[in-house]
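This report refers to the structure that appears directly beneath it.
The values are calculated or read from the model by the stated rules, or taken from the named source; none is laboratory data. These figures come from a predicted structure and were not determined experimentally. Positions of Cβ are generated from backbone atoms using ideal geometry, with glycine treated the same way; all protein chains shown enter the neighbour counts. Note: areas computed on protein heavy atoms with side chains; ligands, DNA, RNA excluded. Shrake-Rupley method; radii C 1.70, N 1.55, O 1.52, S 1.80 Å.
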Amino acid sequence: MAGNKKSSLREDLIETGLIFLTNHSMDELTMRKMAELCHVTPHAIYNHFENKDALLPAVSDNILRRITN
């Protein structure tokens, strides 16, 4: 999960997805794996993202925001 600052699960999922994808392929990224990495149940993730296809654009937007800032 994200560092010291208090953040929402949604933000943690996006950050964790970004970190995961720096070392793994998109095929290896699963909602179950994300839940494990964020120490939450898979159900908790689905409150924020319908599926992996919904999570990936959020991760991509985060990357673009970092590049343009």
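What percent do you get for the relative contact order of the chain when only Cα pairs under 8 Å and 6+ apart count?
On the way: 49 pairs, mean separation 22.5, N = 69.
So the answer I get is 33 percent.
For the pair region 22-36 / region 50-64, the C-alpha centres are spaced 12 Å from each other. Ranking H24, H43 from most to least accessible surface, computed with a 1.4 Å probe over the protein chains only, gives H43, H24.
Per residue, how big is the convex hull around the C-alpha atoms of the chain? Give it to me in cubic angstrom, could you? Working shown, then result.
On the way: hull volume 6.1 nm³, N = 69.
That works out to 88 Å³ per residue.
Note that the chain presents 69 Å² accessible area per residue, ligands and nucleic acids not counted, probe 1.4 Å. Sparsely packed loop sites in the chain (the trypsin sites (Lys or Arg not before Pro) outside DSSP H, G, I, E and B with at most 12 other Cβ atoms within 10 Å) comprise K5, K6. Here the 3J(HN,Hα) profile of region 61-69, calculated from phi with Karplus coefficients 6.51, -1.76 and 1.60 at θ = phi - 60°, is 4, 5, 4, 4, 4, 5, 5, 7, 8 Hz, Gly and Pro shown as x. The GluC sites (Glu not before Pro) of the chain that DSSP puts in a loop, and whose beta carbon has at most 11 other beta carbons within 10 Å, are E50. Looking at the chain as a GNM with Cα springs under 10 Å, which of D27, D12, D53 has the largest mean-square fluctuation? Between D27, D12, D53, it is D27 that shows the largest mean-square fluctuation.
Dipole size of the chain about its Cα centre, with +1 on Lys/Arg Cβ and -1 on Asp/Glu Cβ: approximately 240 debye, rounded to the nearest 20.
Shown in residue order for region 22-32 are the 3J(HN,Hα) couplings computed by the Karplus curve 6.51 cos²θ - 1.76 cosθ + 1.60 at θ = phi - 60°: 6, 10, 9, 8, 4, 5, 7, 7, 10, 5, 5 Hz (x for Gly and Pro).
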